[in-house]
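One structure below.
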């Protein structure tokens with residue numbers, strides 16, 4: 001396990017550096033000049049040159065990238081802007097603050113969205129999947145399959161907006177989604193995010209229902225399930241101890257993929273519900289041509305994908321002892 | 001199957017395979033007709049009622065897309081004219097339709113767009129064109145690229161395979177949505193010289209390029225796996241021993257065995273690209289005004305939904321029906337190709 005983790009972590013680090021490099025070099029094709037942004041609207045040429053120098057933009061691209069990369073590990077000083085401490089992902093001229101601070105500020109919103117909705121869709125998805133599998137071919141199974149088909153075909157920006165229109169504005173059943181930090185007031189936190197959670201869960205539940213149902217059906221016809229039943233175990237024990245355990249690894253796979261695209265998916269969710277998370281931050285940085293910020297969000301999103309891939313692969317071995325890590 | 005039962009009948013794989021296979025021997029045994037896999041697939045597909053129904057709906061969408069100019073001609077309106085601005089009796093002072101339900105009337109079947117006052121029906125009809133064309137082109141290019149790379153990696157093996165595998169790994173680690181949003185301005189900058197108007201063809205091309213760049217890797221990885229296992233099979237070995245050229249092996253031995261996964265992946269990819277294109281336009285980096293586009297209708301719809309929810313409903317429901325129909329069609333195509341697969 002340790003060897004596996006080390007090997008994968010090294011590979012992940014290499015991947016991230018490559019992605020950082022590609023992103024960094026591609027950004028120089030962007031129709032925007034960070035120095036001009038830093039300098040403001042009315043910018044005399046001398047000040048512009050000075051800003052460029054302060055940001056290190058007057059150096060070759062390659063040197064700039066290495067400086068940026070070094071900044072991530074040891075921090076760096078920007079002349080006239082101050083120090084940017086250890087994980088320094090750059091300096092945003094739009095916010096006039098180190099990028100890392102803003103991201104740390106916004107990240108809880110995105111994570112809260114993910115945690116809340118995933119708890120709901122995991123419970124409902126796996127639950128309906130098991131019920132559908134046990135009632136194979138009956139009305140309940142058919143209802144579940146139709147519901148999951150419709151659910152998986154929905155788009156957040158349509159269903160989310162409809163939910164806002166009816167539940168918030170027309171019937172006034174719930175307030176407009178907003179973010180209250182969990183540490184401040186857990187109840188407000190859950191209430192403020194309930195609507196996005198439910199909408200996200202409605203769309204994602206379908207995948208889990210489908211996956212759970214088909215794996216469960218397969219599991220129920222496995223030899224070991226039959227053996228357990230022949231030995232006289234109760235139906236409940238057989239299902240929870242044996243059949244359900246077998247369905248865990250495919251569920252872990254899609255759950256890992258869902259968590260991995262956390263930030264990519266958050267873009268649309270946060271735009272739909274006007275929540276100020278990392279997804280929205282990334283869109284705003286595109287609009288504002290805030291390159292350092294954009295670069296940091298891209299990297300963060302890539303890091304999420306890479307890290308969750310490793311976690312899922314490691315989980316396989318934990319869930320299913322037959323899997324050997326290589 | 002009921003549960004719990006003392007002796008469970010083998011459900012799942014065997015049961016589905018049996019029911020699907022039992023229809024074939026039921027044919028009169030006297031007439032042994034040799035059927036190609038394609039014919040078998042078609043026979044199985046025709047019996048699948050859901051599949052046929054969803055195929056009809058998908059065909060309907062395609063037909064509407066193809067016949068958009070004709071529909072617009074018969075209907076007497078186009079998606080570009082700002083009827084609401086030309087005729088003061090259609091929109092109120094805030095730019096919202098005067099008539100209830102988004103201004104639906106015998107003249108404007110699906111109502112009119114807030115503030116600009118364009119016709120919603122023709123926008124929707126022409127919007128299918130934009131979405132389908134981009135999605136079809138992206139499906140085609142990703143499939144071709146994925147097939148070529150996948151086969152090359154799987155067939156050549158060794159160092160080439162290793163290198164391609166690494167590239168695929170990195171491509172799949174890219175946060176594609178975010179990346180496309182971030183780099184759309186860059187690509188626009190490269191394709192269009194400053195001061196020049198961005199043409200619809202250009203923005204469509206950019207979208208297709210972006211979707212292709214981030215779309216081919218998963219298919220390539222899948223096909224590489226298939227080729228790796230096929231390569232070791234006897235028939236390929238036999239072909240190689242008899243002196244068949246690599247070209248012949250790839251096109252005559254490997255490719256015919258890959259059609260099923262390729263087609264199945266393509267039916268999965270198309271609705272995905274339709275929704276991706278809509279999402280990108282919704283986020284403001286897809287198709288530009290004035291090209292009619294569903295994603296942009298969503299964008300406008302979410303801006304005005306508190307005052308005019310009707311405008312959002314049409315693209316929303318249309319996209320929902322399209323995606324459902326296409327997903328069902330995809331399931332049926334998969335079943336028809338390989339009755340052993342279950343969902």
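Taking residue B:51 as meeting all but one of (1) over 29 Å from residue B:267 (Cα atoms); (2) at pLDDT 50 or above; (3) within 14 Å of chain A (Cβ to nearest Cβ), write down the number of the exception. Evaluating residue B:51 over (1) over 29 Å from residue B:267 (Cα atoms); (2) at pLDDT 50 or above; (3) within 14 Å of chain A (Cβ to nearest Cβ) leaves (1) as the failure. Considering only residues that are away from chain A (no Cβ under 14 Å) and within 22 Å of residue A:298 (Cβ to Cβ), which ones fall in region B:139-169? Correct list: B:142 only. Taken across region B:300-308, residues that are within 14 Å of the chain's Cα centre (by Cα) and buried (at least 22 other Cβ atoms within 10 Å of the Cβ) do not occur at all.
Let's see how each residue does on (1) at pLDDT below 80; (2) more than 11 Å from chain B (Cβ to nearest Cβ); (3) in contact with a strand residue (DSSP E or B) (Cβ under 8 Å, 6 or more places away or on another chain):
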{"residue": "A:224", "(1), (2), (3)": "no, yes, no"}
{"residue": "A:262", "(1), (2), (3)": "yes, no, no"}
{"residue": "A:272", "(1), (2), (3)": "no, no, no"}
{"residue": "A:309", "(1), (2), (3)": "no, no, no"}
{"residue": "A:313", "(1), (2), (3)": "no, yes, no"}
{"residue": "A:324", "(1), (2), (3)": "yes, yes, no"}
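Here B:177, B:206, B:212 are screened, and the one residue that is more than 12 Å from chain A (Cβ to nearest Cβ), modelled with pLDDT under 90 and within 20 Å of residue B:139 (Cα to Cα) is B:206.
A single entry from B:232, B:253 fulfils the requirement of being surrounded by fewer than 18 Cβ atoms within 10 Å (Cβ to Cβ) and modelled with pLDDT under 90: B:232. Quick check on residue B:258: is it within 14 Å of chain A (Cβ to nearest Cβ), crowded, with 18+ Cβ neighbours inside 10 Å and either part of a helix (DSSP H, G or I) or within 15 Å of the chain's Cα centre (by Cα) (or both)? Considered against the rule, which asks whether it is within 14 Å of chain A (Cβ to nearest Cβ), crowded, with 18+ Cβ neighbours inside 10 Å and either part of a helix (DSSP H, G or I) or within 15 Å of the chain's Cα centre (by Cα) (or both), residue B:258 comes out as no.
Might you let me know whether region A:151-174 holds any residue that is more than 14 Å from chain B (Cβ to nearest Cβ) and either at pLDDT below 90 or on the phi < 0 side of the Ramachandran plot (or both)? Looking through region A:151-174, at least one residue is more than 14 Å from chain B (Cβ to nearest Cβ) and either at pLDDT below 90 or on the phi < 0 side of the Ramachandran plot (or both). Tally up the residues in region B:69-89 that are in contact with a strand residue (DSSP E or B) (Cβ under 6 Å, 6 or more places away or on another chain) and assigned to a loop (DSSP other than H, G, I, E, B), please. Qualifying residue count, region B:69-89: 1. For residue A:258, the test of being closer than 25 Å to residue A:179 by Cα and more than 10 Å from chain B (Cβ to nearest Cβ) is passed. Exactly one residue among B:172, B:132, B:191 is in contact with a helix residue (DSSP H, G or I) (Cβ under 8 Å, 6 or more places away or on another chain), within 14 Å of another protein chain (Cβ to nearest Cβ) and surrounded by 17 or more Cβ atoms within 10 Å (Cβ to Cβ), and that residue is B:172. Of all the numbered requirements in (1) surrounded by fewer than 16 Cβ atoms within 10 Å (Cβ to Cβ); (2) touching a residue at least 60 places away in the same chain (Cβ under 8 Å); (3) within 11 Å of another protein chain (Cβ to nearest Cβ), residue A:190 misses one, and that requirement is (3). When residues in region A:280-307 are screened for being more than 18 Å from residue A:19 (Cβ to Cβ) and facing chain B (nearest Cβ under 10 Å), 3 of them pass. The test for being within 14 Å of another protein chain (Cβ to nearest Cβ), closer than 30 Å to residue B:305 by Cβ and at pLDDT below 90 does not hold for residue A:182. Scanning region B:284-339 for residues that are assigned to a loop (DSSP other than H, G, I, E, B) and within 12 Å of chain A (Cβ to nearest Cβ) yields a count of 7. The set of residues from region A:21-56 being loosely packed, with under 14 Cβ neighbours inside 10 Å, closer than 21 Å to residue A:285 by Cα and at pLDDT below 70 comprises A:28, A:29, A:31, A:40, A:41. Tell me yes or no: at least one residue of region A:213-230 is surrounded by fewer than 22 Cβ atoms within 10 Å (Cβ to Cβ) and on the phi > 0 side of the Ramachandran plot. Checked against the condition, which is being surrounded by fewer than 22 Cβ atoms within 10 Å (Cβ to Cβ) and on the phi > 0 side of the Ramachandran plot, region A:213-230 yields no hits at all.
The values are calculated or read from the model by the stated rules, or taken from the named source; none is laboratory data. Quick caveat: nothing in here was measured; it's all calculated off a predicted structure. Methodologically, a virtual Cβ is constructed for each residue, glycine included, from the backbone with ideal geometry; neighbour enumeration extends over all protein chains shown.
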